[in-house]
Amino acid sequence: MKSPLQLVLLLCVCSAASRVRVKDGVRSFPLEAVKQLKTLLDEAGPRAGTRAAPGVGPPVSAVCADPALPRVFYPVCRGQAPAGVFSRLVNVLMASDPCEVCANPSCFGCL
């Protein structure tokens, strides 16, 4: 059985983790949504015979059409240069030590 102190600490950690955001220009996105975006990009992979955006991999239209794409990225898909935005967001997660993602200047909200 967990003590009340352990539960409070767990809630604080979960709450703090949900506030970490990754910034691209004037927009910011929850870190968890960026992780989901990276997973979608990794799963889609480059399609044979299609031209992929530099540094992104699969065609952006395939990722934007994926129903698993977090809703926070819908405006990016409808905007200009979504490939660039996705590339910059995913590059934040490409740090040599993923535990240090909050050391990246694009992230804010870390403890």
Full extension between residue 80 and residue 61 adds, at 0.36 nm per residue less the Cα distance, a length in nm of 5.6 nm
Label residue 43 and residue 27 with points 7 Å out from Cα along Cα→Cβ: what is the distance between them in nm? 2.0
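Where a number appears in this text, it was derived from the coordinates with a stated rule and is not lab data. Since the structure is predicted, the reported quantities are computational estimates derived from the model, not experimental observations. All Cβ positions, even for glycine, are placed from backbone atoms using ideal geometry, and neighbour counts span all protein chains on display.
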